[in-house]
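Okay, so here's the structure we're looking at.
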Amino acid sequence: MVQDQSLQIIDIVGWGSALSYEGAPTATLSGGKALERYAGCEAGLIDTGNNSQDFFVDQVPTPGVLALQTKASCAAGGTDCSVVIISEVLPNPAGSDTGNEFIELHNPTTAPVDLYGCSLVLGSDVFAFAPGTILEAG
């Protein structure tokens with residue numbers, strides 16, 4: 001866990017049966033393996049707020065060397081999630097709301113976005129998009 005001077009949590013990573021993590025913990029680690037954060041498609045490192053989506057198990061730890069592994073969506077021409085915006089939310093529809101709630105996402109770019117690696121978070125609930133979930137442009 002990384003905290004600032006006022007003890008606000010800046011970043012946290014949890015694995016296996018950890019009690020502290022963002023979104024969901026990563027897989028359990030076995031001896032000699034490390035967790036490494038995925039590199040972003042365009043620059044920087046991925047931080048979706050979900051450890052299970054942001055980290056991979058590195059078979060050969062490389063202290064001091066920045067991650068070069070990107071998610072599969074990058075290799076397929078996908079972009080990172082930062083361009084996606086929430087355009088509409090219906091959290092509590094009239095009448096029975098079971099299954100009638102929705103969150104609408106908008107992609108304002110000219111290219112499709114592969115949402116794999118992106119997630120929606122509400123409190124402790126995390127919805128991670130499955131591989132191949134595409135949000136069309138416009």
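Tell me, yes or no, whether the stretch 105-116 has at least one residue that is assigned to a strand (DSSP E or B), hydroxyl-bearing (Ser, Thr, Tyr), modelled with pLDDT of 80 or more and surrounded by fewer than 19 Cβ atoms within 10 Å (Cβ to Cβ).
Scanning the stretch 105-116, I find no residue that is assigned to a strand (DSSP E or B), hydroxyl-bearing (Ser, Thr, Tyr), modelled with pLDDT of 80 or more and surrounded by fewer than 19 Cβ atoms within 10 Å (Cβ to Cβ), so the answer is no.
Restricting attention to the stretch 20-49, which residues are under 18 Å from Phe127 (Cβ atoms) and touching a Phe, Trp or Tyr at 6+ places or on another chain (Cβ under 9 Å)?
Hits for the stretch 20-49 are Tyr21, Pro25, Thr26, Ile46.
Please go through the stretch 1-20 and give me each residue that is at pLDDT 85 or above and farther than 16 Å from Phe55 by Cα, ordered by number.
Of everything in the stretch 1-20, those that are at pLDDT 85 or above and farther than 16 Å from Phe55 by Cα turn out to be Ser6, Leu19.
Kindly list the number of the only condition in (1) at pLDDT 75 or above; (2) at positive phi that fails for Gly99.
Gly99 satisfies all of (1) at pLDDT 75 or above; (2) at positive phi except (1).
Select from the stretch 32-55 the residues that are surrounded by fewer than 17 Cβ atoms within 10 Å (Cβ to Cβ) and part of a strand (DSSP E or B) and write down the one among them that is modelled with the highest pLDDT.
Ala34
Within the stretch 72-84, can one find any residue that is modelled with pLDDT of 80 or more and assigned to a loop (DSSP other than H, G, I, E, B)?
Looking through the stretch 72-84, at least one residue is modelled with pLDDT of 80 or more and assigned to a loop (DSSP other than H, G, I, E, B).
The values are calculated or read from the model by the stated rules, or taken from the named source; none is laboratory data. From a predicted model like this one, the values you see are computed outputs, not experimental measurements. A quick note on method: Cβ atoms are made from the backbone with ideal geometry, for glycine too, and the neighbour counts reach across all protein chains shown.
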